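The values are calculated or read from the model by the stated rules, or taken from the named source; none is laboratory data. Being a predicted model, the structure only gives us computed values, none of them experimental. Quick reminder, even Gly has a Cβ in these numbers, built from the backbone with ideal geometry, and neighbours come from all protein chains shown. The accessibility values were calculated without ligands, DNA or RNA, using every heavy atom of the protein model including side chains. Shrake-Rupley method; radii C 1.70, N 1.55, O 1.52, S 1.80 Å.
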Amino acid sequence: PARYFDTKTTEPISFFLTGLEELLAWQPNSNDEFNVSAVPLAKRQPPLHSGRPRTLVCHDMRGGYLEDRFIQGSATRNPYVFYHWRYIDIFVYFSHHTVTIPPVVWTNAAHRNSVPVLGTFITEWTDGEKLCEAFLAGGEEAYGAVAEQLARIAQHYRFDGWLVNIENKLSAAAVGNLPLFLQDLTARVHSAVPGGLVIWYDSVLKDGTLRWQNELNDQNRIFFDACDGLFTNYNWKEEQLERTQRLAGPRLNDVYVGVDVFARGDVIGGGFDTDKSLRLIRQFGLSAAIFAPGWVYEHLGKENFLQNENRFWGSLAAYLPTHSICTLPLTTSFSLGMGTSTFLDGKDEDSGPWYDLSAQDIQPLYPEQPGMLSTSCCLQDAWCGGSSLQLQGTIPPGEERVAVRLFSLQMPAPPKLFLTLLYKLEGPQPDDFTVALEVTTWDSGICFEGNPTSLPEPNGRYHPRFLPAPPPGLAKLLAACHRGSHGWTSRCYELELQDCSLRDLSLIVSRQQPSLQETPFTCLLGEIRVLDTASVA
């Protein structure tokens, strides 16, 4: 059937539903098993509902279901990818079809990086009015059937809920039932999907007129009260943030203030000025909804996309609280889910472009210190997949080393950690540098390394012990710690900790000789693994 398989290639594809009839007729079907997410939502710290402002990204690109609809990937050159997952909390896939089921490749990539994914339920124009009249004015049975189907769809495809966007005027009967529908949908999603969410878009008002408010107020509060959050329109001013803050009270973080990166209409800032909008939103302790960050790709072009993308998210990083990894094993080759070649064990196995977000790895932080350090993705060389992580920086005069924070962690440290690293130093004199890993722990008077006789490290910095060969029990898993090839260096380390809590994993680049000159370096990271030795088997 054409809904499930591409008519040109017969490959399985992701799809949407159009109209009320298709929604009510939907049933799980053996043809769409490809569309069920295979990656459970990874745990994170702090949890989503932890009393700090959140960041939602709403992805709206040229109508949606582009190359990302191919569930098993495609040979797309220069595709759009998103990989700053550590900096965002919720991902919404948006299109103008009635029921937007997120393409499963997005759900897989987001879940692997601890981010829940929402689909979109939208009605608009005169067709939308008729659709709403049919299911909302019809009473409890009619709107209950729609809520039930939407909850079943999220549960079946294993994504995490819905953005609800009613962009048409409503009759008195329809708008009277709208809060009840939202309450019903929210309750059903919560019970069908662990951690499920329903967010309302600021559009229609309690009297049924369609008028965007750009704030939370008495005209739209009834809908906010009926679900998990409000996503405001984009043309707000500071006084509207102030009023929203007052009215939201303890639910401050459930208001996602809209920021259109395309800067349409009268807005504070979009494009590379998006930080101006975020700064104001955060001054009032509110959450943010960044709409169409694909601007970087669509407006600035595909050619320097990865460079521009790092610049864009780097400019916002100060306003984006990050979330930490809280489970082991942690293992990543930094692949973006795309490439110009496919690498295996450092060797270019297959030249030619590919795009498959399901194959995207756990993504690190992307630290930027202008003039000192830049973190980027390198497609020209990789250990496994399509890309490696490229660190370019400078060791300042008189200093011996630079620490690059790659992952924030928040979990009790197992008694024994085993770490592996694959890297490649580039540049004129790679032998001038050494590369190692550093683990930091949260301050606590009881945390020790190794045996209880050793003293606690000042400021909880630990340098795992280098192992020339893997311990006997792990030899099979690692084949050898000397498995570096094609110019890659492989290292294994061990760290024993007592009563500690892990905080950060950093890469340390040191120079061999002290120097009063600044020394530039380029290091590619091909793979990092952090394993709990006890559960390796």
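Using the basic label-point model (7 angstrom from Cα toward the beta carbon), what is the Ala173 to Glu426 distance in nanometres?
6.6 nm
Distance between Cα centroids, region 286-320 to region 148-186: provide it in whole Å.
Here the two parts' Cα centres lie 30 Å apart.
Given the Cα-Cα distance of Thr7 and Thr322 and 0.36 nm per residue of separation, how much length would full extension add, in nm?
109.3 nm
Which whole number in µm²/s is D for the chain by Stokes-Einstein, with the Kirkwood Rh taken over Cα pairs at 20 °C and 1.002 mPa s?
Translational D for this selection: 86 µm²/s.
What full-extension length gain, to one decimal in nm, is calculated for Glu242 and Thr331 as 0.36 nm per residue of separation minus the Cα-Cα distance?
27.7 nm
According to the square roots a ≥ b ≥ c of the eigenvalues of the Cα gyration tensor, what is the shape class of region 108-155, taking rounded for a/c under 1.5, prolate for a/b larger than b/c otherwise, and oblate for the remainder?
oblate
Would you work out which of Cys377, Ser490, Leu474 lies farthest towards the positive end of the dipole of region 330-536? Charges go on Cβ: Lys and Arg +1, Asp and Glu -1.
Most positive-ward Cα: Leu474.
Could you give the dipole magnitude of region 330-536 about its Cα centre, charging the beta-carbon of Lys and Arg +1 and that of Asp and Glu -1, in debye to the nearest 20?
Rounded to the nearest 20 debye, it is 320 debye.
Any idea how far apart Phe34 and His463 come out in nm if each label point goes 7 Å out from Cα toward Cβ?
Spacing of the two 7 Å Cα→Cβ label points: 5.2 nm.
Apply the a/c threshold of 1.5 to the C-alpha gyration tensor of region 330-536 and tell me whether it is rounded, prolate or oblate.
oblate
As I understand it, the dipole of region 330-536 uses +1 on the Cβ of Lys and Arg and -1 on the Cβ of Asp and Glu, about the Cα centre. Which of Ser333, Phe418, Gly386 lies farthest toward its positive end?
Phe418
At 222 nm, what helix-only mean residue ellipticity would the chain give, in deg cm²/dmol to the nearest 500, using -39500 (n - 2.57) for each DSSP H run of four or more?
My calculation for the chain gives -6500 deg cm²/dmol from helical runs alone.
Treating only the Cβ of Lys, Arg, Asp and Glu as charged (+1, +1, -1, -1), what charge dipole size does region 116-217 show about its Cα centre? Round to the nearest 20 debye.
200 debye
Using a 1.4 Å probe, what is the accessible area per residue for region 211-268, in Å²?
43 Å²
If you take the charge dipole of the chain about its Cα centre, with +1 on Lys and Arg Cβ and -1 on Asp and Glu Cβ, which of Gly208, Leu306, Pro514 is farthest toward its positive end?
Of the options given, the answer is Pro514.
Helix 305-316 against the longest principal axis of the chain: what's the angle in degrees, Cα atoms only, rounded to the nearest 10?
Taking the Cα atoms of the chain, the angle to 305-316 is about 80 degrees.
Of the heavy-atom accessible surface of region 346-394 (probe 1.4 angstrom), what whole percent is carbon and sulfur?
49 percent
What is the set of long-range amide H partners of Ser324 at a cut-off below 5 Å, with H atoms built 1.01 Å from backbone N?
The list, which skips near neighbours in sequence, is Gln45.
Accessible area per residue, 1.4 Å probe, Å², for region 116-173: what's the number?
Value returned for region 116-173: 37 Å² of accessible area per residue.
Using only Cα atoms and rounding to the nearest 10 degrees, what angle (0 to 90) does helix 238-248 make with the longest principal axis of the chain?
For helix 238-248, the angle is close to 80 degrees.
What's the center-to-center distance, using Cα atoms, between region 8-35 and region 395-442 in Å?
Using only Cα atoms, the two centres lie 46 Å from each other.
Would you work out the charge dipole size for the chain about its Cα centre, treating the Cβ of every Lys and Arg as +1 and the Cβ of every Asp and Glu as -1, and quote it to the nearest 20 debye?
680 debye
Working out 0.36 nm times the residue gap between Ala475 and Ser376, then minus their Cα-Cα distance, what length gain in nm do you get to one decimal?
Going from the current span to full extension adds 32.4 nm.
Can you give the angle from 0 to 90° between the axis of helix 172-192 and the longest principal axis of the chain, with both taken from C-alpha atoms, to the nearest 10?
Once rounded, one gets 30 degrees.
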